[in-house]
Number of protein chains: 2
Amino acid sequence: MTFQLYKIIFANERLFCYIMSRKEEILEQAALLISEKGYEATTIRDIAESVGIEPSSVYSHFDSKEDILWEIALSCANQFIEGITSIVESDLTTRSKLTAMIIAHVEILTRNLNAAAIFLNEWRHFSEPRRSDFAHLRDIYEAKFRAVIAQGIEQNALREVDEKFGALTILSALNWTYQWYKPSGEMKPKEIGEKLAELLLNGLVKPF
Amino acid sequence: MTFQLYKIIFANERLFCYIMSRKEEILEQAALLISEKGYEATTIRDIAESVGIEPSSVYSHFDSKEDILWEIALSCANQFIEGITSIVESDLTTRSKLTAMIIAHVEILTRNLNAAAIFLNEWRHFSEPRRSDFAHLRDIYEAKFRAVIAQGIEQNALREVDEKFGALTILSALNWTYQWYKPSGEMKPKEIGEKLAELLLNGLVKPF
DNA sequence: GTCTATAACAAGATAGAC
DNA sequence: GTCTATCTTGTTATAGAC
């Protein structure tokens, strides 16, 4: 396989020199274009052009357009699930667990903003059985939030809300961040996560 | 203009016999298809077929595919804005105002589920100047939430949250309902709105 | 207002040379 | 692995008969 020096990434004030394969380049450009214009509006020609190759060359790396979408969404799903698993299994208090899970979610989402937009919005373009497989992955993730909420209610730390409804409301609030988050904005992901956790856990109303 | 008897709608246990014009039929079917498959994936042929006319006949009612999208999204935006204006201008307490606004939002969203999905997700397919006009409409709506939150903080009824952040979080939680709401489900829109308002206003954590 | 027919073009995908 | 060239299909939109 041929590699090419593609980009230099600054992260956490350390310099990484990352060698990106052609396949990864295609995935990154596809994620950018699909998140901006949507799956159907993004053509193989668009993707090829932004990478700097001919459309037919894309088919040396992927068998179909849907395969590209699948790899982006699956990688994102795995990052979300892996990102909170150790927190869920820790022995933190419910409150700390939920806060850490919310921060982790926002950090993963903002770090993979394009892929996350696809994870959240473009799954309907999967044909079966991928569509079902994907729904299953999302449910595994949501179930981890439900379990922590149920545990919190049992331990008398949370109010007696419906855990399914609670998990959905939390994830709803978190997932919308991709609609307005800008890497250049004032708030850093961790800060956004902290503020969201604070608001969702304590509510908007002033206690007596 | 020719009208045709199209459908019988049961609502609030009263029977309405509604005469729907061809144009309204096209709008309804387009909203259904676009909300399911997305704007680009929905073709004029799909829409025409589901209405039972030829593709070219659609162009007797609309000048372009984008015009159809625009009418659906604009009508939805106006419903949202009109739905909360009288509440915002009332002299209810902040808490009651926000609860009423949240319930109204969920009711409008669930009553126009397909149009709302388009309002929330398909606006990127507008070309300028529509895209900017649409963003302006959404901001007018969000500003009403921000204003109520700011008023609530001033009156010491709400905790001192960033009003922009608070409004975004509320609307995020509300807007995701279109992803999981089913008219056949157990919870009615008003109940969903009440539970969401309760959760967002009081928070998940048990007070001391 | 709806139809048939078609223009004008862009899409995903493949074949075969290098 | 990438290219040029091309196939097949599907797209929006229009012209003109009824």
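Before moving on, here are some points about what is shown:
- FRET efficiency estimate (nearest 0.05) - Cβ-Cβ, A:SER64 to A:GLU154, R0 45 angstrom: 0.45
- Each copy carries a label point for A:GLU89 at 7 Å from Cα toward Cβ; from one copy, the others' points are 5.8 nm away, ordered from shortest.
- Unit Cα scatterers, Debye sum, the protein assembly as shown: log10 I(q)/I(0) for q = 0.07 Å⁻¹: -0.38
- Computed label-point distance, nm, for sites A:LEU92 and B:ILE140 using a 7 Å Cα→Cβ extension: 4.3
- To the nearest 10, the accessible area of A:ASP63 is 130 Å² with a 1.4 Å probe.
- Cα pair distances of the stretch B:65-202 binned at 5 Å [whole percent]: 2, 10, 20, 22, 19, 14, 9, 4, 1, 0
- Pairs exceeding 21 Å between alpha-carbon atoms, taken from A:LYS190/B:LYS206; A:LYS37/A:LYS164; B:LYS23/B:LYS65: A:LYS190/B:LYS206; A:LYS37/A:LYS164.
- Compared with the dominant Cα axis of chain A, that is its longest principal axis, helix A:94-111 is turned about 20°.
- Total accessible area lost when A and B pair, probe 1.4 Å, Å² to nearest 100: 4300
- Computed [θ] at 222 nm, deg cm²/dmol, chain B (DSSP H ≥ 4; -39,500 (n - 2.57); rounded to nearest 500): -21000 deg cm²/dmol
- Area of A:TYR59 that stays accessible when all protein chains are in place (1.4 Å probe, Å², to 10): 110
- Helix axis angle, B:65-89 relative to chain B longest principal axis, alpha carbon, degrees: 30
- Between A:SER75 and A:GLU49, the contour length at 0.36 nm per residue exceeds the Cα-Cα span by 7.0 nm.
- Centroid-to-centroid, using Cα positions, the stretch B:23-60 and the stretch A:95-156 are 33 Å apart.
- Between copies, the label points of A:ASN78, set 7 Å from Cα on the Cα→Cβ line, lie 5.0 nm apart, reported in increasing order to one decimal in nanometres.
- Spacing of the two label points (7 Å from each Cα toward its C-beta) at A:LYS182 and B:GLU24, in nm: 4.2
- Under the combined filter of DSSP loop state and at most 14 neighbouring Cβ atoms within 10 Å, the stretch B:139-202 retains these GluC sites (Glu not before Pro): B:GLU160, B:GLU186.
The values are calculated or read from the model by the stated rules, or taken from the named source; none is laboratory data. For clarity, every value in this text was computed on a predicted model and none was experimentally measured. Here Cβ is always computed from backbone atoms with ideal geometry, including for glycine, and neighbour counts include all displayed protein chains. Each accessible area value is taken on the protein alone, full model and side chains, heavy atoms only, with ligands, DNA and RNA left out. Shrake-Rupley method; radii C 1.70, N 1.55, O 1.52, S 1.80 Å.
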